[in-house]
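S.K.: Okay, handing you the structure first.
The values are calculated or read from the model by the stated rules, or taken from the named source; none is laboratory data. Note that the structure is a prediction, hence the values are computed from the model and not measured. Glycine gets a Cβ as well: all are built from the backbone with ideal geometry, and neighbour counts include every protein chain shown. Note: areas computed on protein heavy atoms with side chains; ligands, DNA, RNA excluded. Shrake-Rupley method; radii C 1.70, N 1.55, O 1.52, S 1.80 Å.
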Amino acid sequence: MARTSIGIEIDGGRATIVELRGGAATTRHVITDDDVLARVRGWLDARKPVKVPVRVALVERGTYLRRINVTAASSDRSSVADALYDALPVPREATTVAALVPPADTLPADTVGAAAAVVASLDAVTRVYDALVWPVEVTVPPLCLAGADGLHLFVGFEASVLTLVVGGMPVASRQLAGGGLGAVVTDLGEGGAARVEQLLAGGDGDAIVWSVADRFVVDLVEEVRRTHEHWGRAESDVPSDVVLSGAGTAAPTLAHRLAAAGFGLARHRGADGALHELVPSERAAFVGAYFAAVTAGTGGELAVFTNPQAEAAASRRARARAKLRRAGTIAAAVVALGAVTGVPLAKGRADLQAARAERAAAAARLARLADADRTARRLAALDAAVEHLDARTPRWSVLLGRLRDSAPVGTRITRLRASVGGSSVDVSLDAVAAGGEYAPLTEWLHRLADDVGAHDVWTSGFAVRDGSLRFSLTFRVPTATLEQTR
Amino acid sequence: MTRLKILLVVLVAVCATVPGRVALGRLRSVGQAAADIRTEAAALERRADTAERVAADPKAVAQLATLEAALPAGAGLADAIDQLAGAAASAGVSWTAGTPAPLTGQARAAKTPAGVRAWTLAMTVSGPDSAVDAFLDAAVSLDRLVVVDTVTLTAEGAATTAAVNARLFAYTPEER
């Protein structure tokens with residue numbers, strides 16, 4: 001899919017726009033207005049560059065580029081800013097920093113590498129971000145020249161900038177002291193802007209404008225020459241062919257004056273190809289926007305100025321996300337607690353409800369059987385009571401009959417006492433046997449033990465009196481051996 | 001620390017704190033309450049099963065009547081005396097004395113189950129041995145439950161005098 005990007009060069013009240021698609025400029029647009037930012041915003045609103053990188057090259061006076069040294073371990077915005085502010089006498093509070101830094105993987109950890117850092121007015125950068133609203137990258141023209149080796153001369157309204165790009169990196173850049181065509185407009189006074197635009201558009205009938213503009217060009221070229229000479233002493237390879245860009249390059253005497261100073265005119269192959277539909281004299285006005293479009297979305301975050309509002313918004317979003325994560329974690333914990341206790345509690349309550357329903361159903365069933373229930377309960381209670389009371393009651397006739405039957409012949413019971421005690425009947429009796437023999441006593445003692453099943457058989461006394469044997473016996477008969485009554 | 005670990009830490013912390021303990025305590029109490037109620041429901045079901053069996057058993061009413069005759073709701077002393085006097089006459093003994101008295105205090109508690117009131121009845125009968133035996137058998141075979149605890153026989157010529165200590169009962173479940 002062909003890459004699409006948009007480059008916008010904002011130079012005072014003039015903006016040039018280039019949209020690149022697959023390396024070809026599909027849109028070339030020039031906007032001139034006192035409130036050019038509002039007009040550019042309108043253009044963006046109409047274009048709606050969603051997911052299309054847009055880079056704004058802001059031409060602003062008081063922008064400085066310096067080469068600084070960084071290491072792979074310190075190539076962040078903070079370390080770049082520290083290095084830059086050490087080299088430049090500018091206040092940190094009112095400025096902002098951007099830089100081109102070689103990829104970290106090309107720098108050994110502790111080896112110093114060269115980077116190009118730019119400091120610009122914080123107000124100017126913020127004004128552009130605020131005005132355009134769309135997510136654009138704001139930087140300055142020298143940082144859009146990454147990879148475009150050569151000597152670049154930008155002549156604009158706001159400023160004129162000479163930049164040397166070597167090995168893809170702008171190694172030197174200087175805003176020329178003469179400024180931009182804005183100085184010519186100022187010199188011409190009221191209506192100067194229109195007269196200058198007319199001159200740039202090819203009109204040469206205004207001799208005053210021509211003269212003032214030529215004087216500006218002469219001074220400009222002289223400063224370019226001196227700068228070139230200065231750089232030539234520091235750099236081993238400074239080309240003398242100049243790649244022109246900016247609206248001011250249409251000044252009629254510029255090419256002639258440069259040639260007179262020993263400079264040739266070079267064309268950047270990419271820019272030339274992308275803008276080939278334009279005549280060469282018109283192309284230079286779009287070269288700056290072209291380079292902005294080429295570098296849009298590349299070069300990393302350092303290559304553009306930070307958008308303070310976006311940074312604050314990102315910080316707010318990060319805080320919101322963190323808050324959301326915390327809330328999510330708490331919610332998950334609550335859900336987990338619910339799963340650990342709440343769900344079983346809910347199940348337990350449901351089970352409790354079911355148990356209550358079971359009890360209610362059983363109670364209702366029992367209520368329908370109330371009469372039968374009363375009968376059953378009374379029957380059970382009475383049965384248990386009778387069983388308890390009557391369990392050990394002997395059939396007395398059986399006991400008394402056995403005792404009488406076991407008595408030896410001629411032996412008569414004169415008194416007998418029997419009482420139920422525990423699991424046996426305790427018996428004591430007095431008896432009289434005819435004759436003076438002890439045989440009836442001993443015989444009965446044997447029979448009680450052997451025939452009646454009595455135990456603890458004992459005689460508490462016996463005596464012979466009046467020709468009879470009188471004696472007393474005590475023993476116990478287990479009730480289990482006696483027939484029960486019920 | 002992964003989110004899962006954080007979650008587990010929070011979970012343990014929450015469970016260890018008062019709300020967690022309250023929730024777990026409530027969970028246990030709800031479970032116990034459900035178990036108790038089910039036990040009650042099972043008991044009610046068993047009673048209903050028994051009631052159904054009794055309702056379906058034609059002998060149950062007659063059995064209840066027999067048991068209620070054995071253990072009436074009140075003392076029913078007059079009926080008891082009538083029945084015992086009838087038994088004495090049938091057996092051929094003379095019932096010469098009788099002393100009923102309520103059984104109270106520790107003696108009652110030791111000898112009677114819950115809901116049962118008891119009276120002692122000391123009786124004196126006389127007659128031949130066989131008649132005394134028959135009276136004793138008849139006394140403990142009446143519709144009214146009579147329990148003979150002690151029998152004292154004294155021979156007096158051809159006759160025997162029997163001192164009988166017995167107990168009578170009534171079933172009044174509201175008492176005790």
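S.K.: Placing unit charges on C-beta atoms (Lys and Arg positive, Asp and Glu negative, everything else neutral), compute the dipole magnitude of the protein assembly as shown about its Cα centre in debye, rounded to 20.
M.R.: My answer is approximately 1160 debye.
S.K.: Here is a further query. For the protein assembly as shown, how many pairs of lysine residues have a Cα-Cα distance under 30 Å, where the two are 8 or more positions apart or belong to different chains?
M.R.: For the protein assembly as shown, qualifying lysine pairs total 4.
S.K.: Roughly speaking, what is the stretch gain from A:Ala361 to A:Arg233, that is 0.36 nm per residue apart minus the C-alpha to C-alpha distance, in nm to one decimal?
M.R.: Extra length from A:Ala361 to A:Arg233 when fully extended: 35.2 nm.
S.K.: State the answer as a single residue: which of A:Ala380, A:Leu151, A:Leu44 lies farthest towards the positive end of the charge dipole of the protein assembly as shown, with beta carbon charges of +1 for Lys and Arg and -1 for Asp and Glu, about the Cα centre.
M.R.: Farthest towards the positive pole: A:Ala380.
S.K.: Could you point to the residue in A:His268, A:His228, A:Asn307 farthest towards the positive end of the protein assembly as shown's charge dipole, with +1 and -1 charges on the Cβ of Lys/Arg and Asp/Glu respectively?
M.R.: Of the candidates, A:Asn307 comes out farthest on the positive side.
S.K.: Dipole of chain B, Cα-centred, from +1 at each Lys and Arg C-beta and -1 at each Asp and Glu C-beta, to the nearest 20 debye?
M.R.: Dipole size: approximately 1840 debye.
S.K.: Okay, moving on. Averaged over every viewing direction, what's the projected area of the C-alpha convex hull for the stretch A:316-436? Give it in nm², one decimal, please.
M.R.: 17.9
S.K.: Share of the protein assembly as shown's accessible area from carbon and sulfur, percent, 1.4 Å?
M.R.: Within the protein assembly as shown, the accessible surface is 55 percent carbon and sulfur.
S.K.: So what is the relative contact order of chain A, in percent, for Cα pairs below 8 Å that sit 6 or more residues apart?
M.R.: Result for chain A is 13 percent.
S.K.: Please list the equivalent ellipsoid semi-axes of the protein assembly as shown, computed as the square roots of five times the alpha-carbon gyration tensor eigenvalues, in descending order and whole angstrom.
M.R.: 140, 26, 17
S.K.: I've got another one for you. So which residue, out of B:Arg38, B:Arg21, B:Arg46, gets the largest mean-square fluctuation from a GNM of chain B using Cα contacts under 10 Å as springs?
M.R.: In the Gaussian network model the winner is B:Arg21.
S.K.: Quick one: the Cα spread of the stretch A:398-448 along its three principal axes, in angstroms, biggest first?
M.R.: Here the spans come out as 37, 19, 16 Å, largest first.
S.K.: In addition: Report the relative contact order of the stretch A:360-430, percent, no decimals, based on alpha-carbon pairs under 8 angstrom and at least 6 residues apart.
M.R.: Relative contact order here is 19 percent.
S.K.: Using a Förster radius of 41 Å, what is the FRET efficiency between A:Arg47 and A:Gln198 based on their Cβ-Cβ separation? Nearest 0.05, please.
M.R.: According to the calculation, E is roughly 0.90.
S.K.: Next question, about the same structure. Rounded to the nearest 0.05, what FRET efficiency is calculated for A:Val409 and B:Glu156 with R0 set to 22 Å and r the Cβ-Cβ distance?
M.R.: Given R0 = 22 Å and the Cβ-Cβ separation, E is 0.50.
S.K.: Mean separation of Cα pairs under 8 Å and 6+ residues apart, divided by the residue count of chain B: what relative contact order is that in percent?
M.R.: For chain B, the relative contact order is 22 percent.
S.K.: Roughly how big is the stretch A:77-205's charge dipole about its Cα centre, with Cβ charges of +1 (Lys, Arg) and -1 (Asp, Glu), in debye to the nearest 20?
M.R.: Rounded to the nearest 20 debye, it is 60 debye.
S.K.: Taking the solvent-accessible surface of protein heavy atoms with a 1.4 Å probe, what is the per residue accessible area of chain A in Å²?
M.R.: 48
S.K.: Which of B:Gly115, A:Tyr129, A:Pro170 sits farthest toward the positive end of the charge dipole of the protein assembly as shown, with +1 on the Cβ of Lys and Arg and -1 on the Cβ of Asp and Glu?
M.R.: The Cα lying farthest towards the positive end belongs to B:Gly115.
S.K.: Here is a follow-up. Taking just the C-alpha trace of the stretch B:40-134, give me its Rg and Dmax in Å.
M.R.: In Å, with Rg to one decimal and Dmax whole: 19.4, 61.
S.K.: Would you calculate the separation in nanometres between label points at B:Ala69 and A:Ala131, each defined as 7 Å from the Cα along the Cα-to-beta-carbon direction?
M.R.: About 12.3 nm separates the two model spin labels.
S.K.: Can you tell me the alpha carbon radius of gyration of the stretch A:404-486 divided by the globular rule-of-thumb value 2.2 N^0.38 Å?
M.R.: 1.11
S.K.: Work out the FRET efficiency for A:Ala332 and A:Asp33 from their Cβ-Cβ distance, taking R0 = 60 Å, and round it to the nearest 0.05.
M.R.: Taking R0 as 60 Å, the efficiency between A:Ala332 and A:Asp33 is 0.65.
S.K.: Can you give me the solvent accessible area of B:Tyr171 with a 1.4 Å probe, rounded to the nearest 10 Å²?
M.R.: Rounded to the nearest 10, the figure is 20 Å².
S.K.: Measure of size requested: the Rg and Dmax of the stretch A:272-380, with Cα atoms as the atom set and Å as the unit; please supply both.
M.R.: So, for the stretch A:272-380, Rg and Dmax equal 39.6, 126 Å respectively.
S.K.: Can you report the principal axis dimensions of chain B using only the alpha carbons, biggest first, rounded to whole angstrom?
M.R.: That works out to 112, 40, 24 Å along the principal axes.
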